[in-house]
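Presented below is the structure to which this report refers.
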Amino acid sequence: MMRENLWKRTLAGVTAISMMAALAACGSDGSGSTAGDGDGIAVVASINQWGSVARELGGDLVDVTTIMSNTGVEAHDYEPTSQDVGRFASAQVVVVNGADYDSWAVKAAESTQATLVDAAEAAGKTSGDNPHVWFSADVRSATADAITEAYVEADPENQATFEQLNEAWHEREAALESAIETAAATTGGLNYAATESVAAYLADDLQLDDTTPTGYAQATANDSEPTPSDLKEFIDAFAGGDIALLVVNTQESNATTDQIVQSAEQADVPTVGITEQMPAEYDDLIAWMEALVGEFTQAVE
């Protein structure tokens, strides 16, 4: 209810804020947001991984502002600022993740005239599905096509250019998927466990088998604490050789996950660290996925 009240107060000022949008679009704020330069189709992306795709698919014809580009901020719990709302209000195209991952961004877009691209929805994912959809090859491709379609609608005179950029993006994605298929020859059939199901789609593409203890997995999915017996089952699985790889969401570190990581190390089980937001050292989503595929492969070789 508190978040709903915040939105009512914030959205009430949208008209006034939109008059300041050009100023608000410059610079960055504590969330790590990045703003465009004011040229081309005005695009707002909720998170940096989709912002990078939007940028690559639009080239010089788009001006992309990303609200969240900081690995230390939780997208689920993010509270938009008045500047953020102003950016949405002036956008022609808004790209969100969907599947309840960034509900604040969906609400902001609904109050504008912008064309909304919902990544999860583009690939048939809905509320209740794993929301970390950028790790899925199918979702990446579907979202890229939806973004291109939105660009053509906003600027039909440059349709040919947008289609060329889309083709170039798909060539890179195809190379990534080929690398995933090659890596699966090494990772396929191996058991893995995860402190959170962040990278489940990528693990599926790599043909890894999820053997995270059920009690622990259900607890984390429901944002509750695993019971001592859940934790013991997880730790015993390392000692019993039932887990070949541990995937850790490094944005959600606590005493429980630290104990799990230590137990994996003691059992010589390799670990791959994952963040939800794209780390700053990567220029785009595909480059990040390529690096992760290499990390998964190296961990189990």
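At a glance:
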quantity: Matching option when the condition is surrounded by 18 or more Cβ atoms within 10 Å (Cβ to Cβ), assigned to a loop (DSSP other than H, G, I, E, B) and in contact (Cβ under 8 Å) with a residue 12 or more places away in the chain, among Gly86, Gly72, Gly98; calculated: Gly98
quantity: Count of region 139-176 residues which are out of contact with any strand residue (DSSP E or B) (no Cβ under 8 Å at 6 or more places or on another chain), among the hydrophobic types (A, V, I, L, M, F, W, C), without any contact (Cβ under 8 Å) to a residue 60 or more places away in the chain and closer than 22 Å to Val96 by Cβ; calculated: 2
quantity: Criterion violated by Asp138 - all others in (1) crowded, with 19+ Cβ neighbours inside 10 Å; (2) at pLDDT 95 or above; (3) not in a loop (DSSP other than H, G, I, E, B) satisfied; calculated: (1)
quantity: Matching residues, region 120-173, being of a type in the set (Phe, Trp, Tyr) and within 17 Å of the chain's Cα centre (by Cα); calculated: Trp134, Phe135
quantity: Output for region 262-292, where each listed residue is closer than 23 Å to Arg55 by Cα and part of a helix (DSSP H, G or I); calculated: Leu285, Ile286, Ala287, Trp288, Met289, Glu290, Ala291, Leu292
quantity: One residue from Ala267, Ala280 being surrounded by fewer than 18 Cβ atoms within 10 Å (Cβ to Cβ) and at pLDDT below 95; calculated: Ala280
quantity: Candidates Ala160, Ala146, Ala123, Ala119 - the one that is outside the structural domain of Ser224 (by TED's automatic domain parsing), among the small types (Gly, Ala, Ser), more than 24 Å from Ile47 (Cα to Cα) and modelled with pLDDT of 95 or more; calculated: Ala160
quantity: Count of region 206-254 residues which are hydrophobic (A, V, I, L, M, F, W, C), in contact with a Ser or Thr (Cβ under 8 Å, 6 or more places away or on another chain) and assigned to a loop (DSSP other than H, G, I, E, B); calculated: 3
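The values are calculated or read from the model by the stated rules, or taken from the named source; none is laboratory data. Bear in mind that the values here come from a model prediction, so they are computed numbers and not experimental data. Methodologically, a virtual Cβ is constructed for each residue, glycine included, from the backbone with ideal geometry; neighbour enumeration extends over all protein chains shown.
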